Structures are given as structure tokens and as C-alpha cells.
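Worksheet: one structure, shown below.
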Amino acid sequence: MVNPPMNAARLAALDATQAARLLSEVRDATLAGRRAKIAPRPVIEQSWGRMLRSGVDPDHDFRSGLLPSDEVRRRREESRLRHVLPVLREGLLSVADVAQHIMVVADADGRVLWREGSSPVLRKADGLGFELGADWREDVVGTNGVGTPAVVRRPVQVFAAEHFVRSHASWTCTGAPITDPRDGRLIGVVDVSGPLETMHPATLSWVNSVAKLAEARLRELHRDSLERLRAVAAPALARLDGRALVVDRDGWSAAVSGMPYVQRVALPKSLAPGHRWLPSLGSCAVEPLADGWLLRATEEPLGTATRIVLDLARPGRSTLTVSGSAGPWSRELSPRHAELLFLLATHRSGRGAAALAEELFGDPSRTVTVRAEMSRIRRYSGELLQHRPYRFREDAEIEVLLPDDPRDLLPSSTAPAIARSRTAAPGGGPAAR
């Protein structure tokens, strides 16, 4: 008989002491390989599994070095999280302070960049190493409300002994990832933490709602920046003949001339003026314009992609890198795009929309969602992907880099096909040429 998993409602019915004792029993039994009276929640059990496989010691409070204050300041200045601090503070701080919580904002590397809230709780956080500049990645300090949401890419609440490291068992934390609406890239995590007795199951919805408001603010800021670039682009394009467009530094289109509208162009990480081959456009003359680029299509032959690397080896950080005669370009992938490209890389003959829907959702009727996502992928992949059925070009050499342990493949994914791939024999490494 399978024991029912613990949930927030059952924890809420217990006082803090009872909850801590029960969770400690569940944790000790699970880590010892025994059946607990109550099964850990799936998101926690999966995280514990990753910790055991990566060698995190549950009885050793490991702390990596704090970042120097000037490095914290540099990261703050460069992070897009700085634009949404007013939203986070307004939505979280007033309640957090009264409820004896603190708000913590960490970047995509798990480094704590901001901490605010109840002074007594801040001092307790210091004792746990939860300080400015601290590294709270999951594979460094174990299951927690900063590192675990960054890996699974969804909100997570961690109660007491659900923390993998024993010394964190007096703490409760709730974190939600914040992604960049321009490309789905993780930019950080916002977390509300405090002593165990302050926990409440509603905190999960509260923190997630504020994180979504922060993402909405980032979308608004991006629209404003494109409008400013569009005002500069219009007169510049009016003087040109042929196909041209103006994009921002991330490749989003502000204005086009002589060609159909393209929402976004995949740009190399370091783009410089001159002639470049770009996916979906081909050979282009690249010129700086305001806070973006003027791209003028030329008649030179298109470059060919010779090698494609789909890197899924790092949990929560998937990338696509393409190398060809015109030089390499790389793009960080959203979780959904990583799933789709993995499925196409492992089925070189191609998959139809219904087959992909079955593999992603267990429901072949969800073809509209699949087609919409594949359309987005083809906007930045250009001729690398063909359709009817969806597939990589036959002449492309493809390498898929997998985690050392298959169980760590795309940990945020709930797709049936990905779950089946996680049960493959250990090995990982290069595959699917």
C-alpha cells in the first residue's frame, strides 16, 4: 500500500511542534530507505533524490563563500530584478514584516542580492548563512525555497524538515521563479522565509501572485523600450530600399520594411557591426541604431548549419548552440522549448503535432498548443527545423548533452515522454547524433 503524500492543508492542521516532528520522521525514514507513515510531497521527494545523487550531505551545513559587497552591487546593477523591486516590496514586505518573515531576492545563480523584512528574523537568517551574497543553489545547500524553485521552474514551499540539510529544519520558506518575458529565461527567485511557527499554506499563492506581477511589470517595460526604438527606426527605414528591420538588443522587432513582420530574430550573444548570417533572415548587414540594431538583408548565399548542440546537462539551464559556416550562435531555452527540441532530436524522422501533444501532455488533441510553440521555435531557429512533420534538417549533425543521471533530465517537466526518458539506464553524456 502506498502511503498518501503530505500536503500543506494537513500541515496547517497541526501546530508547529507537531508539524516539525512529523516532517522529521518522514525525512529520516525516506533518507534511510524506509517507508514513512506519510509519504513526502512529490516535489520534495524528487529534490531529495537529486541531493542524494549529487552528494549533498544532509548532516553538514555547507556554506560557500559570500560574494564581496562590490560584486553584490555589480550584480544588482546588471540584473533586471532591480526594475521589479518596487513591485516585490509593495506586494510582500508589509505583510512579511508583520508575519515575522523576510523577503529574499536571489539571481539566477542562486546568489542572494536583496534581503528585507523583520529585523529579528534577519538575524536568525544570518545564523543559517542566509545572507547577502550567499549561494543558495539547491546542489549547494540542499532543498530550499530559493534553489529548488530555480530548478523545477515553479513555486515551491519548503516546510521545516523538508529542507534536505538538517540544520535548516527550524525554517520555512516559499519561493517563486521570476522569468524574463522576452525569452522565458530565469532571472531570479523571490522568497519569503521565516521560523517554522510562522508558516501558512496560503503563502505559496501569495508569493507566486507577486512574482507574476513582477513579470507583468517587465513586459510593460519591454513594450515601452520597443516603442522608443520604433520612433527612432521609422525615419531610418524610410530612407532604405530592400528588406530591413530594426530590433532591440535581444532581437525583438521594433519596425520592418520591405518584408513580412518578424516578431523576433535570434542574435548571437556578442553581435558586432558587419556582415553576419542570422537565422530566418540569412546574410545581413548589421549596423548599430539607438539601443538596438539595423539589419539589412543582402543577396549573399545563406550559411549552412553544420552542427547543433542541445545542452540539457544542467538542471534548469538548457541551451541550443548552432555552429555553421557563418559562425556560432546560442540561445537559452524555455522549459517547453527544451522539451520539444529534445523530442525532435530523439526522433530524427519527425513528429506530427498530435504525436508531440501525446508525448507532452498525454493528450493528442492539444495540437493548437504544440503548433503555437513550434511556431515560436521556428522564428529563431530559421531553416534548422522543417515541418509536416516537425523535424530537424536531415543534413544537420545533432548532439544532445544529457545529465549524468537520467533522473535529472529536465526536472521541471511533467511530460509523459520525458518521464519515460528518466527511467533510461544511467550514462548520460553525448547522445543522438
Check: Could you say whether any residue in segment 144-152 is of a type in the set (Gly, Ala, Ser), buried (at least 23 other Cβ atoms within 10 Å of the Cβ) and at pLDDT below 95?
Finding: no
Item checked: Output for segment 114-136, where each listed residue is assigned to a helix (DSSP H, G or I), within 18 Å of ARG63 (Cα to Cα) and free of Cβ contacts under 8 Å to residues at least 60 places away in the same chain -> LEU122, ARG123, ASP126, GLY127
Next item on the list: State whether one or more residues within segment 246-266 are assigned by TED's automatic domain parsing to the domain that holds HIS83, surrounded by fewer than 21 Cβ atoms within 10 Å (Cβ to Cβ), modelled with pLDDT under 90 and not acidic (Asp, Glu).
Entry: no
Next item on the list: Note down all Cβ pairs under 7 Å where the first residue falls in segment 270-295 and is at positive phi and in a strand (DSSP E or B), the second is modelled with pLDDT under 80 and among the aliphatic types (A, V, I, L, M), and they're at least six residues apart or on different chains.
Entry: GLY282/LEU302
Check: Could you give every pair whose Cβ atoms fall below 7 Å, whose first residue belongs to segment 405-419 and is part of a helix (DSSP H, G or I), and whose second residue is polar (S, T, N, Q) and buried (at least 16 other Cβ atoms within 10 Å of the Cβ), counting only separations of at least 6 or pairs across chains?
Finding: PRO406/SER421
Margin query: Scan segment 106-121 and tell me whether some residue there is surrounded by fewer than 20 Cβ atoms within 10 Å (Cβ to Cβ), farther than 19 Å from VAL87 by Cβ and basic (Lys, Arg).
Written below: no
Next item on the list: Determine the pairs where a residue that is under 16 Å from ARG182 (Cα atoms), located within segment 211-236, has a partner that is crowded, with 17+ Cβ neighbours inside 10 Å and of a type in the set (S, T, N, Q) with Cβ atoms under 7 Å apart, the partner being 6 or more residues away or on another chain.
Entry: GLU215/THR179
Note to self: Among the residues in segment 369-384, are any closer than 16 Å to SER318 by Cα, crowded, with 17+ Cβ neighbours inside 10 Å and at pLDDT 90 or above?
What the structure shows: no
Notebook entry, point to check: How do the pairs read when you match residues in segment 143-158 that are over 16 Å from THR198 (Cα atoms) and of a type in the set (Lys, Arg) with residues anywhere that are buried (at least 24 other Cβ atoms within 10 Å of the Cβ) and modelled with pLDDT of 95 or more, using Cβ under 6 Å and keeping only pairs 6 or more apart or on different chains?
Noted result: ARG153/PRO177
Check: Among the residues of segment 25-81, how many are within 18 Å of ALA169 (Cα to Cα), in a helix (DSSP H, G or I) and charged (D, E, K, R)?
Finding: 4
Check: Failed condition for ASP191, given (1) farther than 27 Å from TRP293 by Cα; (2) over 25 Å from the mean Cα position of the chain (by Cα), with all others met?
Finding: (2)
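The values are calculated or read from the model by the stated rules, or taken from the named source; none is laboratory data. Just so we're clear, the structure is a prediction, and the values are computed from it rather than from any experiment. All Cβ positions, glycine included, derive from the backbone under ideal geometry; neighbour counts span all protein chains shown.
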